[in-house]
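The block underneath contains the structure these notes are about, expressed in structure tokens.
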Amino acid sequence: MSVTTRIAPSPTGDPHVGTAYQALFNSIFAHQHGGKFIVRIEDTDRTRYNATSEGRILDMLDWLGIVPDASPRKEDDLGPYTQSQRAELHQKYAQQLLESGAAYRAFDTPEELEERRKAAEARKDSFLGYDRRDRNLSREESDRRAAAGEEFVIRLKAPLEGQTVIRDRLRGDVVFDNSILDDKVLLKRDGFPTYHLAAMVDDHLMGVTHVIRAEEWLSSTPIHQLILRGLGWDEPEWIHTPWLLSSGGKKYSKRRGDPSVEDFRKMGILPEALLNYLGMMGWSMPNGEELFSVADMQREFSWERVSLGGSTFDVTKLKWLNGRYLREVLSEEDVVARVRDYLNEFGSGLPTEDTAYFAKVVRLMTPRLEVLGDFADKTTYFWSDDFAVDEKAQKAIDAGKEHLPELAGRFGKLGEWNAAAIKQVFHDYAEEKGLKMGKVMPPVRAAAAGTMESPDLPEMLEALGQERVLGRLSRAAG
Ligand code: GLU
């Protein structure tokens, strides 16, 4: 079976999580079959066009490591992959639909349409689509008015009776009553196609065999089938994936404040973790494993394991999964490099030079890190003596201040400054005084870090260095 899939994002704003989701499933399915995955930018709606969005969508895919086989950055002979550059093709096929009678010209002005829409609303008419005024204009009249320069749109002549059946891979046969179909605009007054026409013409010319897209497009599919049939073309296989929901149960939506892919990147989510998490939305590994790579997913993927209920995108769980990538999947060196790249990209002001100290701090913090964005805030005391002491830490200092001078004295005498020697000091001191470690360590931790949320204490003190630790202990004791 030859397979070509596509995503067809519209460049209207921030790159959507839904686009990343579709890119993952489309690319996995195509590549599992040795096929082709393409990215087509659907920029024909000039009113919603956002100039930076196209580049950001393609950058997002780069960041995720999803590699299209064709895109506006990787043209081939079936391109261009930017839809606005294909307007002539769309016009040609709109014309063909007109000539075969599958479509017609409608000369309504926007004002007329608006007036009639309002009147229909006032009548509580349930169908607020086009009232088909010009559907039955004679061919001669239509040609004459067009030749006279009257502006028009080209509309689909949708059947008024009967039913349309869409065969969806995940849902079986979905039946639509034709009476609910609207005579959709295919070509606008400005000569630009609408989404419906452009998408179907391009899908066909680009050889798309499987249209894998979000459930919200299912209701447009009868229109798409009519366009394809009107042009004498075969339908692709239709696969409408389940909804992504936000934790409130509503559709996941950037507009309602759910994070975009760029937001996740800024948070310090790793691309691998985001893809893994998206892979768990509506799909699962046969062995139930939650941690899996794109390669694992590609090997095991099947539509049979997709469930239709709709999946809740839980940012807390994504962060937890991200933490697992830091601890269980990436090597220590890789984590160091990712933290450094992240800090450099988002400008933390921390010294990120390639030093053993930097690497050590990252290593110490990794068990306590879920997202890279937490690193700077959680490590202030590693970079400067000027750090805040939080309430809990202040309490610990107040409760155990009396131990600090003597411990500082013993630390000062250590010839070799390492975690084992530091640990021994704590031990000896606690034993001699008949105290539990739980009494001796907290004031030191609080004095050295200003927070109780810090890594293993002897290792942390070793990393900070003798001089710094002594300074901090005496400051807190003072
Ligand atoms: N341009 C549409 C979008 O923004 C594409 C829908 C489809 O996949 O057909 O999602």
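The values are calculated or read from the model by the stated rules, or taken from the named source; none is laboratory data. Computed from a predicted model, the values in this text were never measured in an experiment. Because the Cβ atoms are built from the backbone with ideal geometry, glycine has one as well, and the counts that use them run over all protein chains shown. These accessible areas exclude ligands, DNA and RNA; they are computed on the full protein's heavy atoms, side chains included. Shrake-Rupley method; radii C 1.70, N 1.55, O 1.52, S 1.80 Å.
Numbers at a glance
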item: Where a residue in the stretch 409-432 is over 16 Å from Arg472 (Cα atoms) and its partner, wherever it lies, is among the basic types (Lys, Arg), with Cβ under 7 Å and at least six apart; result: Val425/Arg410; Tyr429/Arg410; Ala430/Lys436
item: The one condition in (1) surrounded by 17 or more Cβ atoms within 10 Å (Cβ to Cβ); (2) in a helix (DSSP H, G or I) that Asn344 fails to fulfil; result: (1)
item: From the options Leu278, Leu244, Leu274, Leu270, residue that is closer than 20 Å to Val67 by Cα and touching a strand residue (DSSP E or B) at 6+ places or on another chain (Cβ under 9 Å); result: Leu278
item: Top-ranked residue of the stretch 398-421 - restricted to ones that are part of a loop (DSSP other than H, G, I, E, B) and either of a type outside the set (A, V, I, L, M, F, W, C) or closer than 16 Å to Arg445 by Cβ (or both), ranked as least open to solvent (accessible area, probe 1.4 Å); result: Asn418
item: Those residues of the stretch 60-84 which are open to solvent by 40 Å² or more (accessible area, probe 1.4 Å), in contact (Cβ under 8 Å) with a residue 12 or more places away in the chain and not small (Gly, Ala, Ser), in sequence order; result: Trp63, Val67, Asp69, Arg73, Leu78
item: Number of positions in the stretch 314-327 that are touching a Pro at 6+ places or on another chain (Cβ under 9 Å) and under 11 Å from Leu245 (Cα atoms); result: 0
item: Wholly within the stretch 424-478, helices (runs of 4 or more DSSP H) carrying at least 1 residues that are under 12 Å from Leu407 (Cα atoms), more than 46 Å from the chain's Cα centre (by Cα) and modelled with pLDDT of 95 or more; result: 437-449, 466-477
item: Meets criteria (open to solvent by 40 Å² or more (accessible area, probe 1.4 Å), β-branched (Val, Ile, Thr) and either part of a helix (DSSP H, G or I) or in contact (Cβ under 8 Å) with a residue 12 or more places away in the chain (or both)) for Val389; result: yes
item: Selected residue (criterion: surrounded by the fewest Cβ atoms within 10 Å (Cβ to Cβ)) from residues of the stretch 1-11 that are under 19 Å from Met297 (Cα atoms) and within 8 Å of the ligand (Cβ to nearest atom); result: Ile7
item: Residues of the stretch 422-451 classified as more than 20 Å from Tyr381 (Cα to Cα), out of contact with any Phe, Trp or Tyr (no Cβ under 9 Å at 6 or more places or on another chain) and open to solvent by less than 30 Å² (accessible area, probe 1.4 Å), total; result: 3
item: Those residues of the stretch 12-54 which are open to solvent by 10 Å² or more (accessible area, probe 1.4 Å), of a type in the set (D, E, K, R) and assigned to a loop (DSSP other than H, G, I, E, B), in sequence order; result: Asp14, Glu42, Asp45, Arg46, Arg48
item: When residues of the stretch 215-235 are limited to those that are among the aliphatic types (A, V, I, L, M) and open to solvent by 20 Å² or more (accessible area, probe 1.4 Å), the one nearest to the ligand (Cβ to nearest atom); result: Leu218
item: Cross-chain or 6+ apart pairs with Cβ under 6 Å, the stretch 156-169 first and at positive phi, then outside any loop (DSSP other than H, G, I, E, B); result: Gly162/Asn178
item: Qualifying residue in the stretch 62-72 (condition: touching a Lys or Arg at 6+ places or on another chain (Cβ under 6 Å), over 27 Å from Asp263 (Cβ atoms) and more than 16 Å from the ligand (Cβ to nearest atom)); result: yes
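Residue by residue, here is whether (1) among the aliphatic types (A, V, I, L, M); (2) farther than 23 Å from His196 by Cα; (3) at pLDDT 95 or above holds:
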| residue | (1), (2), (3) |
| --- | --- |
| Val3 | yes, no, yes |
| Arg6 | no, no, yes |
| Asp14 | no, no, no |
| Val17 | yes, no, yes |
| Phe25 | no, no, yes |
| His31 | no, yes, yes |
| Gly35 | no, yes, yes |
| Ile38 | yes, no, yes |
